[in-house]
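Peer 1: My questions will all concern the structure given below.
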Amino acid sequence: MTKSPGLRHGPVVPQLESLLRERIRQGRWKSGERLPSEVRLAAELGVGRSTVREAVRLLAHDGWLVVRHGSGTFVADPPPPVGEDGDLRGLLRRARVLEAFEVRRALEVEAARLAAARIRPEDVEELRALLHGRQERLGGDPAGFVDADLGFHRAVVDLAGNAVLSGLYATVQPVLRAALVELVVHETDLPDMSYAHADLLTALERGDADGAIAATVEHLDAVITLVRSGEGGR
């Protein structure tokens with residue numbers, strides 16, 4: 001599949017989001033007008049349907065589009081003012097991500113401590129396979145990578161053997177997923193914390209609760225610090 005001339009090499013979703021937003025600004029589609037179908041946009045722009053779907057979701061989240069199930073996707077009436085879109089919506093996005101990571105930190109640190117005491121050899125092999133899947137998706141489709149990443153962490157939470165903790169994590173997981181996809185799409189300086197994931201697995205395999213907690217904290221605090229510094233720099 002050939003990419004649209006407007007798209008360059010690199011992460012496609014943020015480029016497509018910017019391209020569609022610019023077309024709305026230029027009046028390609030007027031307020032209240034229905035966008036072409038997902039299939040048509042994908043063919044026109046030379047991208048996958050999942051890429052179109054993710055870009056549309058982000059634009060709808062930021063108030064540029066309205067998705068009406070069964071009817072289609074329409075330009076918001078009116079769309080956000082051009083001068084207000086960047087800074088304000090960027091701040092709101094970072095605030096959502098920060099809140100999600102603060103909750104995630106609280107749950108996953110305790111899960112790591114408990115899992116280190118309760119993990120079995122067969123659990124280690126399952127985690128190793130999940131971590132391998134995460135690494136294979138690193139740098140690829142944001143949604144696919146986030147699903148693989150959360151699959152690994154959800155497995156650690158379940159290994160804690162605490163039904164209430166697992167239930168809480170399941171409740172917040174959809175919020176975490178949405179925040180993480182936005183983070184991967186929009187943060188060009190996102191650090192690669194693969195080593196912290198490997199350290200977590202090693203600590204769990206050894207039954208080292210302190211090491212498991214340290215690896216979890218290092219991973220999540222690095223991202224929290226990045227998000228907080230970005231808020232202050234706007």
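Peer 1: Would you please give the residues with an amide H less than 5 Å from that of L65, counting only those at least 5 places away or on a separate chain, with H modeled from the backbone geometry?
Peer 2: A60, A76
Peer 1: Compute the Cα gyration tensor for region 145-218, then decide on rounded, prolate or oblate, letting a ≥ b ≥ c be the square roots of its eigenvalues: rounded whenever a/c is under 1.5, prolate when a/b is larger than b/c in the other cases, and oblate in all that remain.
Peer 2: Taking the square roots of the gyration eigenvalues as a ≥ b ≥ c, region 145-218 is oblate.
Peer 1: Just the accessible area for Y195, please: 1.4 Å probe, Å², rounded to the nearest 10?
Peer 2: 110 Å²
Peer 1: Let me check I've understood the local charge: for R28, count other residues with C-beta under 12 angstrom from its C-beta, Lys and Arg +1, Asp and Glu -1. What total comes out?
Peer 2: Details: positive: R21, R23, R25, K30; negative: E22, E33, E44.
Overall, the nearby charge balance is +1.
Peer 1: Still on this structure: Rounded to the nearest whole Å², what accessible area per residue is found for the chain with the 1.4 Å probe? Walk me through the numbers on the way to the answer.
Peer 2: On the way: 11820 Å² over 234 residues.
For the chain, the solvent-accessible area averages 51 Å² per residue.
Peer 1: Now for a separate question. Taking all protein chains in place and a 1.4 Å probe, what share, in percent, of the accessible surface of region 135-202 do carbon and sulfur account for?
Peer 2: 57 percent
Peer 1: What does the charge count near G140 come to, summing +1 for each Lys or Arg and -1 for each Asp or Glu among other residues with Cβ under 14 Å from its Cβ?
Peer 2: -4
Peer 1: With a ≥ b ≥ c the root eigenvalues of the C-alpha gyration tensor of the chain, is it rounded (a/c under 1.5), prolate (a/b larger than b/c) or oblate?
Peer 2: Note, shape of the chain comes out prolate.
Peer 1: Under a GNM of the chain (C-alpha, springs under 10 Å), which listed residue has the highest mean-square fluctuation: L168, L127, L107?
Peer 2: L168
The values are calculated or read from the model by the stated rules, or taken from the named source; none is laboratory data. Not measured: the values here are computed from a predicted model. We place every Cβ from the backbone using ideal geometry, glycine too, and count neighbours over all the protein chains shown. Remember, those area values only see protein heavy atoms, side chains included, never the ligands or the DNA or RNA. Shrake-Rupley method; radii C 1.70, N 1.55, O 1.52, S 1.80 Å.
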